Amino acid sequence: MRYKIINLALICSIITACGENSIIPAVENVGSDITVCQFSDTSGVERKLRKVWFYADSQSFDQRAQTSLYVANQVLQTEDIDYVEAFHLPYVGKDTSSCILAGQAIHIGSAFISNDGVGRNGKAPLKNSSWEAQAFRGNVNEGDTLVAMLWISKRGDYQVSEHIGTGYHTDGKALKEEISRMIKNTVAAEKIGLTYYPMEDYLIYTDNN
């Protein structure tokens, strides 16, 4: 179920989660039209964990990273949990949802935050004491995102039984041809595929002198 994060335009200084006592750096460059797609409770016996997937109109490396931190921090502040992971899906406009890409490793930003300074397993420390973030530095092609959405949505229709065993595999050739037809052959079938975005660490440099 999708829902909007309300009051996106609030200035950081009036959000308690973004003040001097925050466990993340100030986020002053947050994208617009933030919409949460999916929550996943991945808690273990000793740690309460959440994953969240969302999309937003974020245009730059810094904005994608800060928007991911913003969403992750909102979840951490409102849920009784120890650790949260937030994944920023590509944006394809206010009237189109990229939520189908949740959990498919196709994202343009991510943030991990914890109250105790350690990651998912409760042992390895996060890179920046209580948080770490990454983002894609580059232009996101809306056509690539739409192709990925079609790939995920139609893939189930092109499963072929294995000759040996009981497994299945995707008939990639037929799937590519179908997607190419759906987008009116604007991209040749042989060039259809999933686009993954290389992440770079988001770093905050502090002058301690």
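Please enumerate, by chain and number, the lysines with C-alpha under 19 Å from the C-alpha of LYS123, excluding those fewer than 8 residues away in the same chain.
Those lysines meeting the cut-off are LYS48, LYS51.
Using alpha-carbon pairs under 8 Å, 6+ residues apart, how would you state the relative contact order of the range 142-191 in percent?
27
In straight Cα distance, which lysines are under 19 Å from LYS154, not counting same-chain residues fewer than 8 positions off?
Correct list for LYS154: LYS173, LYS176, LYS184, LYS191.
Calculated FRET efficiency, HIS163 and ASN121, Cβ-Cβ r, R0 45 Å, to nearest 0.05?
The pair HIS163/ASN121 has a calculated efficiency of 0.70.
Sorted from fewest to most neighbouring beta carbons within 10 Å, what does the list LEU150, LEU194, LEU101, LEU69 look like?
With the fewest neighbours first, LEU150, LEU194, LEU101, LEU69 line up as LEU194, LEU150, LEU101, LEU69.
Would you calculate, for the chain, the mean residue ellipticity at 222 nm contributed by helices, counting each DSSP H stretch of 4 or more residues as -39,500 (n - 2.57) and dividing by all residues, to the nearest 500? Don't skip to the end; give the middle numbers.
Working: 3 runs with 42 residues, N = 209.
-6500 deg cm²/dmol, from helical runs alone.
Any number yet on Rg/Rh for the chain, C-alpha, Kirkwood?
Answer for the chain: 1.03.
At a 10 Å Cβ-Cβ cut-off, how would you order CYS99, CYS37, fewest neighbours first?
CYS99, CYS37
Could you work out the mean projected area of the convex hull around the alpha carbons of the range 142-191, in square nanometres to one decimal?
Over all viewing directions, the range 142-191 projects a mean Cα-hull area of 3.6 nm².
Kindly provide the trypsin sites (Lys or Arg not before Pro) of the range 47-85 that DSSP labels as loop, not H, G, I, E or B, and whose Cβ sees at most 16 other Cβ atoms within 10 Å.
Answer in residue order: LYS48.
Values quoted throughout were computed directly from the atomic coordinates according to the rules given, and no laboratory measurement underlies them. The shown structure was predicted, so the numbers you read here are calculated from the model rather than taken from an experiment. Positions of Cβ are generated from backbone atoms using ideal geometry, with glycine treated the same way; all protein chains shown enter the neighbour counts.
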